[in-house]
Amino acid sequence: MKIPGTDADADADVKRPIRIGIVGFGTAGRAFVPAMAAHPGFELTAIVDPAQAVRRAAVDEFGFAAYDTLDALLDHAEVDAIYVASPTTLHREHVLLACAAGKHVLVEKPMAANLADAQAMVAAAESARVVLLVGHSHSYDLPIHAMRELIDAGELGRVQMVNTWCFTDWLYRPRRADELDARQGGGVTLRQGSHQFDIIRLLCGGAARSVRAKTFDWDPQRSAIGAHTVFIDFADGAAATAIYNGYGRFSSIELCEGVGEWGFRSAGRAAADRSIGTGTAAKQIRTPAEELLAKQARAKHAIPGDAPWQPFFGLTIVSCERGEIRQSPQGLIVYTDSGRADLPLPAGGSPRSRVMAEFHDAISGRRAALHDGAWGLANLEVCEAAIASSASGCDVELKHQVPLNRSLSV
């Protein structure tokens, strides 16, 4: 099986690196610096952040230019593309500015705070004839890509069910107020469900039909959507469930052989988090200023690059007509009537490297993007439908779904 994102010759024809700027230099923005630096087709030119301390630290640490607004970057820096990692409520504004300036755009998930904003972003990119890519999400994780390749190979038959479960301390990590407010793109269903629903749609072929869900907010001291149970029905008869619990008592790492979201054994990661006041220790943080300081400290350490094991964003199990697939720390395990087969995958690669490869391929015309604006809009629709279903107690029919538009095989 050919593993996506490992083609060393993919960028042999690059004449000049694509100059890229980052808007928002928090956890998500910082996490992309190694992937951008490692890709020969990109040159990280500048960053934008409203916080002077963040800009100064970026200049001191990395040496690239720093601006306080996207307008200033577009006026003074020579860039070809923008990565929008600003707060979700600013995504529409920043994407529209970038598109109007003729820049290609990579926007962090969730794509927008609401469907209307997402639709405006898709329309702006289409009008400007620039690439709009939505990521990072954990559908870029190598085991998820490899699962999709096994499905495409056809030996296991059609996908019938996908079930994914993730239990973390998400709610008690340092947060800005908007990250806990669903109206501003916050809470577990929008911020973490956007990972889960992207994974599910990738594995089930994209064209979801309806959603039935229950969301939960059970800590009055930290009011937000902190957990959900979501059932997704697909047009071709497949079905999926997504369980997320961000209340921090049980960890799904226990279901994943001790390996966490970024491919590390849990003990070392937990110790690092405790040292900077994250996880359940964040329950002691009371003021917004203290929480913001803890968030800025965590931004430098929260998302590592290369890892010794495959990442586990919770446990995902795919049931096909003739077999099941699940993750392992080394790769995948496939169960058929013939028994169990272990399929190792190469360790050490960052999923953000696959984001940059897809972005570069789309900009250069080598390959159409999978996680394009329409795909991101469809993921956001599932998030909104889950919240609406919980409020109404009814199924919500989906209107903006798109099928998987290509194979992942390079």
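The values are calculated or read from the model by the stated rules, or taken from the named source; none is laboratory data. This one's a predicted model, so the numbers in the text were calculated from it and none came from an experiment. FYI the Cβ positions are ideal-geometry reconstructions off the backbone, even for glycines, and counts take in every protein chain you see.
For the range 106-125, the criterion of being hydrophobic (A, V, I, L, M, F, W, C), under 16 Å from Ile22 (Cβ atoms) and without any contact (Cβ under 8 Å) to a residue 60 or more places away in the chain is met by none of the residues. The number of residues in the range 191-223 that are outside any strand (DSSP E or B) and either of a type in the set (Gly, Ala, Ser) or buried (at least 18 other Cβ atoms within 10 Å of the Cβ) (or both) comes to 18.
Any residue at all in the range 228-239 that's part of a loop (DSSP other than H, G, I, E, B), within 28 Å of Glu290 (Cβ to Cβ) and in contact with a Lys or Arg (Cβ under 7 Å, 6 or more places away or on another chain)? Give the steps one after another, and end with the answer.
Looking only at the range 228-239, we keep the residues that are part of a loop (DSSP other than H, G, I, E, B), and these are 235-238.
Filter once more, so that each one left must be within 28 Å of Glu290 (Cβ to Cβ): none.
No, every residue in the range 228-239 fails to be part of a loop (DSSP other than H, G, I, E, B), within 28 Å of Glu290 (Cβ to Cβ) and in contact with a Lys or Arg (Cβ under 7 Å, 6 or more places away or on another chain).
For Gly279, state whether it is among the small types (Gly, Ala, Ser), on the phi > 0 side of the Ramachandran plot and modelled with pLDDT of 70 or more.
Working: among the small types (Gly, Ala, Ser): yes; on the phi > 0 side of the Ramachandran plot: yes; modelled with pLDDT of 70 or more: no.
Judged against the criteria, Gly279 is not a match.
Scanning the range 166-190 for residues that are surrounded by fewer than 19 Cβ atoms within 10 Å (Cβ to Cβ) and either part of a helix (DSSP H, G or I) or modelled with pLDDT of 95 or more (or both) yields Ala177, Asp178, Arg183, Gln184.
When you scan the range 242-256, do you find a residue that is modelled with pLDDT under 75 and either of a type outside the set (D, E, K, R) or crowded, with 19+ Cβ neighbours inside 10 Å (or both), even just one?
Keep residues of the range 242-256 that are modelled with pLDDT under 75, which gives none.
No, the range 242-256 has no match at all.
Scanning the range 378-405 for residues that are more than 16 Å from Gly187 (Cβ to Cβ) and in contact with a strand residue (DSSP E or B) (Cβ under 7 Å, 6 or more places away or on another chain) gives Asp395, Val396, Glu397, Leu398, Gln401.
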